[in-house]
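Visitor: Sending over a structure as structure tokens; questions will come in a sec.
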Amino acid sequence: MSPTFDTDVVIVGAGPVGLVIALNIARAGIKVTVLEQHPEVIQSPRAMAYGPAAVVELERAGIAADCRATGMDESDFHASLRWIQVDGTEVARIDRLVSKYPPVLCGQHKVAEIILRHMEKYPHAKVLWNHNVQAIEQDEESVTAVCQTPEGTKKITGKYLVGSDGARSTVRKLIGCTFDGFTYDKMVVATNVYYPFKEHGWTQAQFLIHPEHFALVRSSSLRLIVDWQMCSRWTVPLFLRRRCILVLRRSPRQTRL
């Protein structure tokens, strides 16, 4: 007996990777369903800069221009990357390398939202939110994702299944695929800090060199990435007094997280 298919391709994970795959599949006329355990696109700060290989894929998916319009201003197209000390002394600088396509800087959640808008053009593509994959069943002709939902257990069957559910991938664990490597002894935290960095001499992108208060600051998109030790007990006023920031004299009331 032939299996009944809900879709041709099941994709687990509605981050940019899963959604780019889904969009490309939909553009090819193939039926695709994305399963996401959360109720919406995750809004917490994540990746916002993309290497040349990723930019090629964004171009191929037809969303690169929208990402640039959303996440960049004119100065971002010519920005350099600096390494500075706590007192602001510049140690090194690298100008942006010339590549086939212009750069793309756009928050990961914004990229996902752009892709979802593009997917609306394809009725054979859909995203099912609040679908937490718990198990995978397969035979010679089909693969089924067993999902926990607010309405109970549901099964979504397709011809293929793609696991794009992040570093803690449930799909990877269910199929017994290892994720070899090592873990750093420090955690990294990403957050958006709304503050006029440029008024204090900060450029679009810089690494702050310090053994304890390392940070990567993207000042045009107001992204600050800091190590977990620095943020473990932070409040906004405390954060603004830390030596890792050179704009300490501004009132905390003028800063928003």
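The values are calculated or read from the model by the stated rules, or taken from the named source; none is laboratory data. On a predicted model such as this, the values are computed, not experimentally measured, just so you know. Note that each Cβ is placed from the backbone with ideal geometry, even for glycine, and that neighbours are counted across all protein chains shown. All accessible areas refer to the heavy atoms of the entire protein, side chains included, with ligands and DNA or RNA removed. Shrake-Rupley method; radii C 1.70, N 1.55, O 1.52, S 1.80 Å.
Visitor: Please determine whether any residue of region 172-193 is within 18 Å of V17 (Cβ to Cβ) and not hydrophobic (A, V, I, L, M, F, W, C).
Guide: yes
Visitor: Considering only region 61-86, state which residues are free of Cβ contacts under 8 Å to residues at least 40 places away in the same chain and more than 24 Å from V20 (Cα to Cα).
Guide: Those that are free of Cβ contacts under 8 Å to residues at least 40 places away in the same chain and more than 24 Å from V20 (Cα to Cα): E74, H78.
Visitor: Pairs, please: C-beta under 6 Å, at least 6 apart or cross-chain, first residue in contact (Cβ under 8 Å) with a residue 24 or more places away in the chain and in region 99-120, second of a type in the set (D, E) and assigned to a helix (DSSP H, G or I)?
Guide: Y101/E59; L105/D76; I114/D66
Visitor: From the list K121, K100, K155, which one is in a loop (DSSP other than H, G, I, E, B) and over 15 Å from L19 (Cα atoms)?
Guide: Exactly one residue qualifies, and that residue is K100.
Visitor: How many residues does region 154-182 hold that are open to solvent by 70 Å² or more (accessible area, probe 1.4 Å), in contact with a helix residue (DSSP H, G or I) (Cβ under 9 Å, 6 or more places away or on another chain) and closer than 15 Å to T7 by Cβ?
Guide: 0
Visitor: Go through region 78-101 and report how many residues are out of contact with any strand residue (DSSP E or B) (no Cβ under 9 Å at 6 or more places or on another chain) and open to solvent by less than 60 Å² (accessible area, probe 1.4 Å).
Guide: Number satisfying all stated conditions: 1.
A quick yes/no check of all residues on (1) charged (D, E, K, R); (2) buried (at least 17 other Cβ atoms within 10 Å of the Cβ):
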{"residue": "A65", "(1), (2)": "no, no"}
{"residue": "R68", "(1), (2)": "yes, yes"}
{"residue": "M72", "(1), (2)": "no, yes"}
{"residue": "P103", "(1), (2)": "no, yes"}
{"residue": "I114", "(1), (2)": "no, yes"}
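Visitor: A follow-up question, please. Exactly one condition in (1) closer than 30 Å to A69 by Cβ; (2) in a strand (DSSP E or B) is false for I114; which is it?
Guide: Condition (2) is where I114 drops out.
Visitor: Quick one: K173 ticks every box in (1) without any contact (Cβ under 8 Å) to a residue 12 or more places away in the chain; (2) in a loop (DSSP other than H, G, I, E, B); (3) over 19 Å from the mean Cα position of the chain (by Cα) except a single one, so which number is it?
Guide: (2)
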